[in-house]
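Each reported figure results from applying straightforward, stated rules to the coordinates on display, with no laboratory input. This structure is a prediction, so every number in the text was calculated from the model and none was measured. In this analysis, Cβ positions are derived from the backbone assuming ideal geometry, glycine residues included, and neighbour counts consider all displayed protein chains.
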Amino acid sequence: ELGNYRHFMQKEIHEQPRALADTLENVLAQDSLQANIFGVQAESILSGIESVYIIACGTSFHAAMVARYWIESIAGIPCSAEVASEYRYRDSVPNPKALIVTISQSGETADTLAALEHAKMLGHAHSLTICNVPESALIRQSELSFLTRAGPEIGVASTKAFTTQLVALFLLAITLGKLRNKVSREQELLHMQALRELPNKIQQILKLEPEVIKWAESFANKQHALFLGRGQHYPIAMEGALKLKEISYIHAEAYPAGELKHGPLALVDKEMPVIAIAPNDTLIEKLKSNLQEVRARGGELYVFADQDAHISSEPGVQVIRLPGLGGYLSPILHTIPLQLLSYHAALQKGTDVDKPRNLAKSVTVE
Ligand code: F6R
């Protein structure tokens with residue numbers, strides 16, 4: 001089953017162009033996005049929604065955090081994201097016009113299921129799940145659903161499930177935007193075109209693997225790492241840090257780069273590698289000055305920069321260039337090299353990549 005790959009994680013990282021193309025296949029076969037990709041009643045339910053509440057765990061929660069940026073920016077609807085194990089136990093204010101969205105690879109995660117049940121108990125009527133397993137408990141218990149077509153994910157560390165979840169959430173943001181007249185026909189066509197180009201762009205980024213391997217070689221002896229991102233890439237920094245911890249056991253933390261001065265800068269010295277996600281977006285100049293603060297304290301920078309972000313290698317600053325021009329889909333592109341980095345760091349350390357210690361693929365107990 002592994003073919004030419006050493007581990008399922010590596011295979012699943014490389015399967016992403018196909019996983020995304022499969023997930024988009026039926027959706028892009030039409031000449032416009034149809035709300036019914038989320039279920040037959042989706043159009044009427046989604047038209048009446050006034051806010052969106054997304055609940056998930058782990059990597060799926062990071063997808064939720066990206067979606068919050070998209071749904072507020074593209075559809076103009078207030079959106080929040082919360083980890084399921086917190087939501088299920090706290091007093092929150094029910095809103096009958098909210099859409100409860102759960103995200104899960106397995107569809108069987110105990111906390112996510114319990115959080116959905118809790119939301120219903122509070123009086124939330126409308127739920128939608130984004131899930132990779134047909135017939136799973138979450139699909140059965142949700143009013144609307146979208147099935148990602150990542151195929152079976154065997155490696156414990158989630159990779160292709162995450163990027164397909166992001167694509168599904170992007171479709172949800174556009175659909176909500178269309179129903180509210182926030183997305184014009186012209187914008188819709190541009191979004192659809194960007195989605196069509198996505199699998200190829202990811203294929204190009206996968207070719208950066210040899211460069212990432214060199215970085216991973218210098219990582220294996222590190223005790224700690226800091227991941228920085230801003231805006232829609234902050235959750236991607238979190239995902240990069242989670243991947244590195246869970247399979248290489250290197251302690252990693254993620255911060256929105258603007259928070260550096262408020263504490264984490266104290267940690268930075270020449271022993272602290274700092275991985276930065278540097279897309280060419282409206283925050284790039286701000287990010288660059290955050291990176292200078294790191295350099296001024298001797299921190300070693302590893303920057304994944306878009307081609308046109310104008311960041312180049314110099315002593316203490318290493319740069320891997322991505323093709324860029326990702327727009328809203330840029331978080332998906334920037335995820336790939338971070339997956340490769342954690343995979344190859346783990347290989348260097350000789351850990352059990354597909355079955356990291358103490359972790360299970362599907363967390364069906366609390
Ligand atoms: C991390 C990872 C976990 C899962 C989490 C939720 O790589 O795989 O953090 O994302 O346990 O699992 P699902 O998505 O099945 O609900």
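Observations, loosely collected:
- Yes/no for residue 51 being touching a Pro at 6+ places or on another chain (Cβ under 7 Å), surrounded by fewer than 16 Cβ atoms within 10 Å (Cβ to Cβ) and under 25 Å from residue 327 (Cα atoms): yes
- Those residues of the range 83-118 which are of a type in the set (Phe, Trp, Tyr) and within 15 Å of the ligand (Cβ to nearest atom), in sequence order: 87
- Test: residue in the range 290-299 that is more than 23 Å from the chain's Cα centre (by Cα) and polar (S, T, N, Q): yes
- When we screen 313, 330, 248, 362 for residues that are over 27 Å from residue 171 (Cβ atoms), touching a residue at least 40 places away in the same chain (Cβ under 8 Å) and small (Gly, Ala, Ser), the only hit is 248.
- Scanning the range 262-297 for residues that are in a helix (DSSP H, G or I), more than 18 Å from residue 231 (Cβ to Cβ) and of a type in the set (Lys, Arg) yields one hit, 295.
- Those residues of the range 38-69 which are out of contact with any Phe, Trp or Tyr (no Cβ under 6 Å at 6 or more places or on another chain), more than 16 Å from the ligand (Cβ to nearest atom) and not hydroxyl-bearing (Ser, Thr, Tyr), in sequence order: 39, 40, 41, 42, 43, 45, 46, 48, 49, 50, 52, 68
- Residue match in the range 79-101 (condition: within 17 Å of the chain's Cα centre (by Cα), farther than 16 Å from residue 166 by Cα, touching a residue at least 24 places away in the same chain (Cβ under 8 Å) and surrounded by 24 or more Cβ atoms within 10 Å (Cβ to Cβ)): yes
- Test: residue 275 is β-branched (Val, Ile, Thr), out of contact with any strand residue (DSSP E or B) (no Cβ under 8 Å at 6 or more places or on another chain) and buried (at least 21 other Cβ atoms within 10 Å of the Cβ): no
- Within the range 132-165, the residues that satisfy the criterion of being part of a helix (DSSP H, G or I), closer than 19 Å to residue 240 by Cβ and not basic (Lys, Arg) are 161, 162, 163, 164, 165.
- Consider the range 336-350 and keep the residues that are within 14 Å of the ligand (Cβ to nearest atom) and of a type in the set (S, T, N, Q). The one that is farthest from residue 14 (Cα to Cα) is 342.
- Extreme residue, surrounded by the most Cβ atoms within 10 Å (Cβ to Cβ), among residues of the range 1-40 that are among the hydrophobic types (A, V, I, L, M, F, W, C) and in contact with a strand residue (DSSP E or B) (Cβ under 7 Å, 6 or more places away or on another chain): 38
- Residue count, the range 47-103 (criterion: in contact with a Leu (Cβ under 8 Å, 6 or more places away or on another chain), assigned to a helix (DSSP H, G or I) and of a type outside the set (A, V, I, L, M, F, W, C)): 4
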